[in-house]
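In what follows, a single structure is set out as structure tokens and then discussed.
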Amino acid sequence: MERIKEHPLLSFERKKLITFFFEGREVSAYSGETIAAALHANGIKVLRYSTKERRPQGLFCAIGKCSSCLMEVDGKPNVRTCITPVRPGMIVRRQHGRGEISE
Ligand code: FES
């Protein structure tokens, strides 16, 4: 797991350990984390592919102000995963472009 455990200024309260699904794979997260943070902690940094060039994209602003982290969540496309909390059992998939779902 790629998760910050200690920080000189911040403290992290770890809540309940849960699982959700990324492209059919079960991954773990702590309740209260965002989807993107949980994916990063599991080593998953490509969140979508750009519309025209199909280039891989990951976190950019991380505050809900761009489209770099848009993913399909429980069948709903274009969810900003950097600001959306993870929930147990949710199904997350990468998008190709805006709203097209990867295979
Ligand atoms: S990374 Fe910019 S909205 Fe999520």
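The values are calculated or read from the model by the stated rules, or taken from the named source; none is laboratory data. Source: prediction; values computed, not measured. Using ideal geometry, Cβ is built from the backbone for each residue, glycine included, and neighbour counts are taken over all protein chains shown. Each accessible area value is taken on the protein alone, full model and side chains, heavy atoms only, with ligands, DNA and RNA left out. Shrake-Rupley method; radii C 1.70, N 1.55, O 1.52, S 1.80 Å.
Here are some notes:
- Failed item, numbered, when Glu100 is tested on (1) touching a Pro at 6+ places or on another chain (Cβ under 7 Å); (2) at pLDDT below 95: (1)
- If you filter region 41-57 down to residues that are more than 11 Å from the ligand (Cβ to nearest atom) and outside any loop (DSSP other than H, G, I, E, B), you find that the one that is least open to solvent (accessible area, probe 1.4 Å) is Ala41.
- Within region 63-103, the residues that satisfy the criterion of being within 11 Å of the ligand (Cβ to nearest atom) and either open to solvent by 50 Å² or more (accessible area, probe 1.4 Å) or in contact with a Leu (Cβ under 7 Å, 6 or more places away or on another chain) (or both) are Ile63, Lys65, Ser68, Cys69, Met71, Asn78, Val79, Arg80, Thr81, Cys82, Ile83.
- Of the residues making up region 1-51, those that are among the charged types (D, E, K, R) and within 11 Å of the chain's Cα centre (by Cα) number 3.
- The selection criterion, being within 10 Å of the chain's Cα centre (by Cα) and of a type in the set (Val, Ile, Thr), does not hold for Ile91.
- The listed residue being outside any loop (DSSP other than H, G, I, E, B), out of contact with any Asp or Glu (no Cβ under 9 Å at 6 or more places or on another chain) and not hydroxyl-bearing (Ser, Thr, Tyr), out of Phe21, Phe60: Phe21
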